[in-house]
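Below is one structure, written out as structure tokens, with a few remarks after it.
Only the coordinates and a few stated rules stand behind these numbers; no lab work does. All figures in this text were calculated on a predicted structure; none of them were measured in a lab. For neighbour counting, all protein chains shown are included, and Cβ atoms are generated from backbone atoms with ideal geometry for every residue, glycine included.
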Amino acid sequence: MQTNPTYSSLVAVGDSFTEGMSDLLPDGTYRGWADLLAGRMAAVTPGFRYANLAVRGKLIRQIVDEQVDVAAAMQADVITLVGGLNDTLRPKCDMVRVRDLLTEAVERLAPSCKQLVLMHSPGRQGPVQARFRPRMEELFTVIDELAGQHGAVVVDLYGAASLSDQRMWDVDRLHLTADGHRRVCEAVWQALGYDPEDTEWRTPLPATVPPPWLARRIADVRFTRQHLLPWIGRRLTGRSSGDGLPPKRPDLLPYEH
């Protein structure tokens, strides 16, 4: 990987993680690590262009069908691809099918850019994480194999202690906070060969006194009612939070803050 590269364009492909949930801006839109990364890259490269095709809730099949060819046609210097995790969280998941689709995506994207970036998605501590860990780790093994075959960079967020901390996750327990997205941006920034701006992004957060038992139970009930039950309902009915939503930056255009 080159040091302090001069990449002139970035296309981000994926789901809610790359769309930027839950790094919420005052106007109600989401920012996220990819937008932050584009801002940094634009600051050091005049005329830098950026597109973000990611849409929340997308499965790997939808990412391949709706985003991959569009991204490849843009011929960007850097393409980031993060997908498949939503599949692993479904009650029924065909990991062979996920592998095949991810392979198809990488085989299309890698030749179309100077640098393809893949990731081990971060994981929040807790029982849900433990239940789906085998599938997630199987997905990461596939990602590592594909990266080795196609010269992609792998950013390991799963192994970062800071990002497994519950304080890095929004109240929905599925998406990162603004600080979490900032750390992901730093990780990708460094993986692309830029000089670090935060050498401590992996460092665990300082220990704090946990909330009282009653406060934790109230938070659990609120989470179940507002987030978990609707999420389960969408899984059971085949619906997605991203149904009908367009990508927030569908065209490869000069980046503007």
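Okay, here's what the table says:
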read-out	value
Debye, to nearest 20: dipole size of the chain, +1 on Lys, Arg Cβ, -1 on Asp, Glu Cβ	1060 debye
Centroid-to-centroid separation of segment 1-79 and segment 106-161 [C-alpha atoms, Å]	16 Å
Beta bridge orientation in the chain: antiparallel %, DSSP, nearest 5	25 percent
For Asn52, residues with placed amide H under 5 Å, excluding near neighbours	Ala12, Arg249, Asp251
Label-point separation in nm, Thr177 to Arg90, each point 7 Å along Cα→Cβ	3.2 nm
FRET efficiency for Asp165 and Leu25, using Cβ-Cβ distance with R0 set to 25 Å, rounded to 0.05	0.60
Efficiency of FRET between Ala130 and Arg108 - r from beta-carbon atoms, R0 45 angstrom, step 0.05	0.85
GNM result for the chain, Cα springs below 10 Å: residue of Thr45, Thr103, Thr203 fluctuating most strongly	Thr203
Most positive-pole-ward Cα, Ala38, Met95, Val184, against dipole of the chain from beta carbon charges	Met95
Value of relative contact order over segment 73-130, rounded to a whole percent, pairs C-alpha under 8 Å and six or more apart	53 percent
Which of Gly244, Tyr50, Phe140, positive extreme of dipole for the chain (C-beta unit charges)	Gly244
Exposure proxy order (Cβ contacts within 10 Å, fewest to most) of Asp77, Asp179	Asp179, Asp77
Residue order, fewest to most surrounding Cβ atoms within 10 angstrom, among Met41, Met136	Met136, Met41
Helix-only CD estimate at 222 nm, as mean residue ellipticity for the chain, using -39500 (n - 2.57) per DSSP H run (n ≥ 4)	-12000 deg cm²/dmol
Vicinal HN-Hα couplings computed from phi for segment 249-257 (Karplus, 6.51 cos²θ - 1.76 cosθ + 1.60; Hz; Gly/Pro x)	9, x, 10, 7, 10, x, 6, 10, 5
Sequence-distant residues sharing a close amide H with Ser9 (under 5 Å, placed H)	Arg49, Asp77, Val78
Asp195/Arg217 FRET efficiency (R0 51 Å; Cβ-Cβ; nearest 0.05)	0.65
The chain - percent relative contact order, Cα under 8 Å, separation 6 or more	27 percent
Segment 87-130 - Debye-derived log10 I(q)/I(0), Cα point model, q = 0.28, 0.30 Å⁻¹	-1.05, -1.09
Label of the coordinate-derived value, mean projected area of the Cα convex hull in nm², listed as (1) 15.3; (2) 16.2; (3) 13.7	(3)
Val188, Val64 arranged by Cβ crowding within 10 Å, fewest neighbours leading	Val64, Val188
